[in-house]
1. Quick one: which residues, 5 or more positions from His297 or on another chain, have an amide H under 5 Å from its amide H? H modelled 1.01 Å from N in the peptide plane, none for Pro or chain starts.
2. Taking 0.36 nm per residue of sequence separation and subtracting the Cα-Cα distance, how much length would be gained by fully extending the chain between Ser126 and Leu317, in nm to one decimal?
3. Give the aspartates and glutamates reachable from Lys319 as a straight Cα distance under 20 Å; neighbours fewer than 8 places away on the same chain don't count.
4. Excluding ligands and nucleic acids, what accessible area in Å² is computed for Val41 using a 1.4 Å probe, to the nearest 10?
5. For Asn146, which sequence-distant residues (separation of 5 or more, or a different chain) have an amide H within less than 5 Å of its own amide H, given hydrogens modelled in the peptide plane?
6. With bins 10 Å wide starting at 0, give me the P(r) of segment 86-127 over every alpha carbon pair, in whole percents.
7. At 1.4 Å probe size, with the rest of the protein present, what percent of the exposed accessible area of the chain is carbon and sulfur atoms?
8. Considering the convex hull of the alpha carbon atoms of the chain, report its projected area averaged over all viewing directions, in nm², one decimal.
Amino acid sequence: MLIGILYYYFFTPFSKIKSDYYLCIDDNDNIDSVISKIKPVASEKGFSALTTLIRHTSYSDKIRSGRFKIGVHDPSITIFHRMSSGLQASVMLTIPSTRTIPELADKIGKNLMIGSDAIRYALEDSAICKQYGFTKETIPCFIIPNTYNLYWNVTLEKFLDRMKSEYDSFWNKERMAKAREMGFTPIQVSTLASIVDEETANESEKPIIAGLYYNRYKKGMKLQADPTIKYAVGDFTIKRIHNWMLQTESPYNTYRNVGLPPGPIRIPSVQGIDAVLNYEHHNYIFMCAKEDLSGTHNFASDAVEHMKNADRYYAALNKLGIE
């Protein structure tokens, strides 16, 4: 009889919701805040059973931070065992290619205990950037967009160390060899990749555009990349580049400065980086958005053909009243 009561009490499903739930316990949580986080998802019986286990053990003195799974059919005793033993469920953290460090920090921080502010501070702090081999200008190269398996309560230091390990693994012998063949460092590859990423979302065009800018670079020409103007002005929503924008004083203005800017203008994508490393060999040195406004481009090897392409494009903008 007693065994039956204990089984019914501790071994029947804890949760009252119909899907798996993940309980996140912070370093600064106390027993009251832990219970307040548990209560909304608990059935009346499950809540009573779990709080009984908490009350009759030393859990209150040894609260472990982490992300703990509450499965639909998990009994109270299983959930208590996970919480008290620190048996976490890991996070599959997807880090996308983003435009800014604050945006990147937000994407990461909302999925980890360390939070967005701490990540942003670290990636904008010169001393921390230097510790990992970067500057504030080149730090956008550091975190490679991908999906990573992490624990939710990973410390900031361990997170950055993991990203450095992933960066080093990404830049394997094959990629390093291709970069050296171009005469580029990984940071230069990533910087050019960031421009390519901003020029097009069309993956098939990226190696073509990478080859075009590499042609300009090798010839000692100014890159004259419109996305660097948007970055220098501080507005990526610009639809049309005007002459006054080209005069913007900025080391990122590739209409005024020869060579690559001092760092990426966004966190480059893996596809963008590989497009640069596997750039298409051709003679193009000019490009212009197509007049159909599809986001793709017309390419040219001489100025005459380029001006024809440009005239068609600007006629399309004028027709739509885009200034």
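The values are calculated or read from the model by the stated rules, or taken from the named source; none is laboratory data. Just so it is clear, the model here is predicted, and its values are computed rather than measured. A quick note on method: Cβ atoms are made from the backbone with ideal geometry, for glycine too, and the neighbour counts reach across all protein chains shown. Surface areas here come from the heavy atoms of the whole protein model, side chains and all, with no ligands, DNA or RNA. Shrake-Rupley method; radii C 1.70, N 1.55, O 1.52, S 1.80 Å.
1. Under 5 Å from the amide H of His297 lie the amide H atoms of Lys290, each far enough along the sequence or on another chain.
2. 64.6 nm
3. Cα-Cα hits under 20 Å: Glu291, Asp292, Asp311.
4. Estimated to the nearest 10 Å², Val41 gives 10 Å².
5. Residues meeting the criterion, in which the H sits 1.01 Å from N, are Ile95.
6. Over segment 86-127, the share of Cα pairs per 10 Å bin runs 29, 49, 19, 4 percent.
7. Here carbon and sulfur together make up 51 percent of the probe-accessible area.
8. Details: hull surface 86.9 nm².
Result: 21.7 nm².
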